[in-house]
Amino acid sequence: MTAHSLRIVQVFRVERTIILTVEAPDKQAAIDLQSESDSPAFDDPGWQAIWTLEDEQVEPAPNA
C-alpha cells in the first residue's frame with residue numbers, strides 16, 4: 001500500500017449568545033439602548049457558543 005496525504009476541510013457555524021440586563025422604561029427601549037451600544041467584549045465569560053459542523057470535505061493535500 002502507498003501512503004497518501006489528505007486535507008480535511010471543515011466549515012462551522014458558530015452562534016454566540018449572552019444575556020444582559022439593561023435599565024430602561026420597557027423592553028423595546030432596552031433593545032434600542034443596547035442596539036446603540038457596543039456588545040460586551042469578545043472574551044467576556046458570559047458569552048455562550050454553539051458550534052455546528054455544516055460541511056466536511058476530504059481532498060488530496062496540495063503538493064508540499
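The values are calculated or read from the model by the stated rules, or taken from the named source; none is laboratory data. Since the model is a prediction, treat every value here as computed from it, not as a measurement. Don't worry about glycine lacking a Cβ; one is built from the backbone with ideal geometry, like all the others, and counts go over all protein chains shown.
General observations
- Pairs with Cβ under 9 Å, 6+ apart, first in the stretch 42-58 and under 11 Å from residue 15 (Cβ atoms), second hydrophobic (A, V, I, L, M, F, W, C) and assigned to a loop (DSSP other than H, G, I, E, B): 47/18; 47/41; 48/18; 48/19
- Taking the stretch 1-24 as the range and being more than 18 Å from residue 58 (Cβ to Cβ), within 21 Å of the chain's Cα centre (by Cα) and surrounded by fewer than 10 Cβ atoms within 10 Å (Cβ to Cβ) as the test, the residues that pass are 14, 15, 17, 19.
- The set of residues in the stretch 33-64 that are at pLDDT below 95 and among the charged types (D, E, K, R) comprises 36, 38.
- Contact annotation: residue pairs with Cβ atoms under 7 Å, 6 or more positions apart or on different chains, pairing a residue in the stretch 1-20 that is within 30 Å of residue 35 (Cβ to Cβ) with a partner that is of a type in the set (Phe, Trp, Tyr) and part of a loop (DSSP other than H, G, I, E, B), are 16/47; 18/47.
- Any hit, the stretch 25-37, residues being touching a residue at least 12 places away in the same chain (Cβ under 8 Å) and either of a type in the set (A, V, I, L, M, F, W, C) or surrounded by fewer than 10 Cβ atoms within 10 Å (Cβ to Cβ) (or both): no
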